[in-house]
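Take a look at the structure below.
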Amino acid sequence: MSYEELQEVNNGIVGSPETVTRKLRNIIEELNPGYMRIYGNEGGITHAESMRSIELLGQEVIPALHEIQLQPYE
Amino acid sequence: MKDTVEVFWFSEQPYSYITDQDVEKYDSGRLWFPNSHFDPEKAHVLYNEYHEQYAFADEMGFDGIMTNEHHASYWCMKPAVNLDAAVIAKVTKNVKIAILGNVIAVNDPIRMAEEIAMLDCYSNGRIISGFVRGTAVESLVGGIIPAENRSRFEEAHDLIIKCWTEPGPFRFEGKHYQYRAINPWVKPVQQPHPPIWFPGLSSAESVVWAASHQHPYMNLGSLLDHTQFLKSVYIDTAKETGFQPGPEHFGYLLRVLCADTDEKAQEIGRHSCGPKTTVTVDRWNTMIRQGTNHGRPSRFSARCRAPAASASG
C-alpha cells in the first residue's frame with residue numbers, strides 16, 4: 001500500500017487536530033478499546049515536529065477522546 | 001467496566017540517520033546490518049530528545065507512555081526496556097508506564113521480577129508489566145533455541161508472578177529454570193502485582209493465550225478488520241474461560257501524526273515515510289503483512305474469511 005492508501009484504511013492517522021480527532025473517534029467508537037497507544041515518532045520526524053504533535057494531541061485531541069463513552073462487549 | 005479510553009504515547013526511538021540506501025546492500029536490516037553505522041554521539045542527542053518528549057507527553061495530559069524493546073534494530077534503540085522505563089519513571093509524574101514488554105523467554109525471570117518491582121517502587125505503582133515473546137531475532141540474539149520460546153515464556157511468566165505473590169525464600173525446579181533459593185527483596189507497590197498486558201501483532205494464538213490468562217491484549221497496529229476479528233477471538237475465549245471482557249481488556253496501536261493544519265501534517269508525514277528516512281512505507285507494509293498473514297488456530301479460521309467491516313475515516 002502507498003502512503004495515501006495506508007491512511008485510507010486508517011492504519012495511519014495524519015492531520016490537523018480536527019482531522020485526527022475525527023478519525024480516532026471513528027476508530028474508538030468501532031473498536032471500543034480501553035487503551036489507544038499512539039505510535040507518534042517515526043524516523044523522519046524532527047524533535048520539534050514531535051513536540052508540536054504531542055502538544056496538539058494533549059491539548060486538543062485527547063480531551064475530545066476522553067469524552068467518548070465506551071460500550072460494553074457483547 | 002472501563003468507560004473511557006486512555007491514550008498512551010509511544011516511540012520506537014529510532015536511530016534516525018539510517019537510509020534505505022544504507023540498508024538495501026544487506027539481506028536484512030537487523031542481524032546482518034553492521035553496527036558500524038551506529039554513532040554514540042548522535043545516539044546521545046537522540047536519546048535525550050526522546051526523554052524530553054516523554055516528559056512533555058506527561059505534562060500535556062497523556063494517560064500513559066508505552067515503551068518496548070528490540071535488539072539488533074536501527075529503528076529501535078532500546079535493547080533494555082526496563083532502563084527506558086526507569087527514565088520514564090523519573091522524568092514523569094502522572095502517566096502510567098506500559099512496558100511492552102520484557103522478552104522474558106530470553107532473560108533471567110528472577111531478575112525480571114526484581115527489576116519490574118524496582119520500577120513499580122520508583123514510580124509508586126505506575127507500572128504495567130507487559131510480557132512479550134519477542135520476534136525471531138530476539139530469540140536468536142538471546143541465544144535460546146527459538147522452538148523453545150513459548151515454553152520458556154510460559155514458565156518464566158508463572159515464575160515471575162510467583163516471585164511477586166509468594167513469600168520467599170522458596171525453591172523452584174522447572175523445565176527451563178532451576179533455583180535452589182528465590183528470595184527477591186524488592187516487591188512491587190501494586191498488589192498482588194502490577195497489571196500484566198500481552199501484546200501481539202496479529203496471531204490469534206496469542207490472543208487466546210492472553211484471554212485464557214485474563215490478561216488484557218494489546219494489538220500492535222493490524223488492519224482494522226483483522227483487529228476486529230482478534231477482538232472477537234478474545235471475547236469468545238474470555239467467556240469460555242469464565243469472565244466477561246470489556247474495554248479494559250483490549251488496546252490498539254496506531255501511527256498518529258498531528259500538526260497545525262492538514263497540509264502541514266501531510267507534508268511532515270510524507271517526508272517522514274519517504275525513501276530516504278529511517279522508517280519507510282515499506283516497513284509499514286511489512287508490519288501489516290506480518291499482521292495479516294500470521295497463523296491462526298483452526299477453530300477460528302472460518303471467521304477469518306469474513307472479517308468485520310472497517311471503520312471509515
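With respect to (1) out of contact with any helix residue (DSSP H, G or I) (no Cβ under 7 Å at 6 or more places or on another chain); (2) of a type outside the set (Lys, Arg); (3) surrounded by fewer than 22 Cβ atoms within 10 Å (Cβ to Cβ), the lone exception for B:Val91 is condition (1). Residues considered: A:Glu60, A:Glu74. Of these, the only one that is within 27 Å of B:Ala238 (Cα to Cα) and open to solvent by 40 Å² or more (accessible area, probe 1.4 Å) is A:Glu74. The set of residues from the stretch A:12-22 being surrounded by 22 or more Cβ atoms within 10 Å (Cβ to Cβ) and free of Cβ contacts under 8 Å to residues at least 24 places away in the same chain comprises A:Gly12, A:Ile13, A:Val14, A:Gly15. Condition first: of a type in the set (Ser, Thr, Tyr), more than 8 Å from chain A (Cβ to nearest Cβ) and open to solvent by less than 50 Å² (accessible area, probe 1.4 Å). Can you find one or more residues in the stretch B:237-256 that meet it? Yes, the stretch B:237-256 has at least one match. Evaluated against (1) under 15 Å from B:Ser129 (Cα atoms); (2) assigned to a loop (DSSP other than H, G, I, E, B), B:Ser202 falls short on exactly one condition, (1). Quick one: would you say B:Ala105 is in contact with a Ser or Thr (Cβ under 8 Å, 6 or more places away or on another chain), assigned to a helix (DSSP H, G or I) and modelled with pLDDT of 95 or more? Criteria not met by B:Ala105. The lone criterion from (1) closer than 25 Å to B:Gln13 by Cβ; (2) in contact with a Gly (Cβ under 8 Å, 6 or more places away or on another chain); (3) more than 7 Å from every other protein chain (Cβ to nearest Cβ) left unmet by A:Arg22 is number (1). Residues considered: B:Val87, B:Val103, B:Val45. Of these, the only one that is in contact (Cβ under 8 Å) with a residue 12 or more places away in the chain, of a type in the set (Val, Ile, Thr) and under 27 Å from A:Gln59 (Cβ atoms) is B:Val87. Entry remark, the stretch A:15-46: residues being at pLDDT 95 or above and more than 19 Å from B:Tyr217 (Cα to Cα) number 12 in total.
Among the residues making up the stretch B:156-193, those that are open to solvent by 40 Å² or more (accessible area, probe 1.4 Å), in a loop (DSSP other than H, G, I, E, B) and within 23 Å of B:Gly125 (Cβ to Cβ) are B:Glu166, B:Pro167, B:Asn183, B:Trp185, B:Val186, B:Lys187, B:Val189, B:Gln190, B:Gln191, B:Pro192, B:His193.
Name the residues in the stretch A:29-65 that are under 21 Å from B:Trp75 (Cβ atoms) and more than 7 Å from chain B (Cβ to nearest Cβ), would you?
Result: A:Thr46, A:Ala48.
Matching residues to (1) closer than 26 Å to B:Gly142 by Cα; (2) within 7 Å of another protein chain (Cβ to nearest Cβ); (3) modelled with pLDDT under 95:
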site	(1), (2), (3)
B:Asp20	no, no, yes
B:Arg30	yes, no, yes
B:Pro40	yes, no, no
B:Asn48	no, no, no
B:Phe62	no, yes, no
B:Met66	yes, yes, no
B:Glu69	yes, no, yes
B:Trp75	yes, yes, yes
B:Ala85	yes, no, no
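Checking each residue in the stretch B:85-130 for being touching a Lys or Arg at 6+ places or on another chain (Cβ under 6 Å) and more than 30 Å from B:Lys175 (Cα to Cα) picks out B:Lys96, B:Ile97, B:Arg126.
Pairs are defined by a Cβ separation below 6 Å, a sequence spacing of at least 6 or placement on different chains, a first member in the stretch B:142-166 that is over 14 Å from B:Ala113 (Cα atoms), and a second member that is buried (at least 20 other Cβ atoms within 10 Å of the Cβ) and aliphatic (A, V, I, L, M); the pairs so defined are B:Gly142/B:Val106; B:Ile144/B:Val106; B:Asn149/B:Ala105; B:Arg152/B:Ala105.
The values are calculated or read from the model by the stated rules, or taken from the named source; none is laboratory data. Predicted model, so just to flag it, every value in this text is computed and none were measured. Heads up, the Cβs are rebuilt from the backbone with ideal geometry, glycines too, and the neighbour counts pull from every protein chain shown. Ligands, DNA and RNA are stripped out before the accessible areas are found, and what is left, the full protein with its side chains, is counted by its heavy atoms. Shrake-Rupley method; radii C 1.70, N 1.55, O 1.52, S 1.80 Å.
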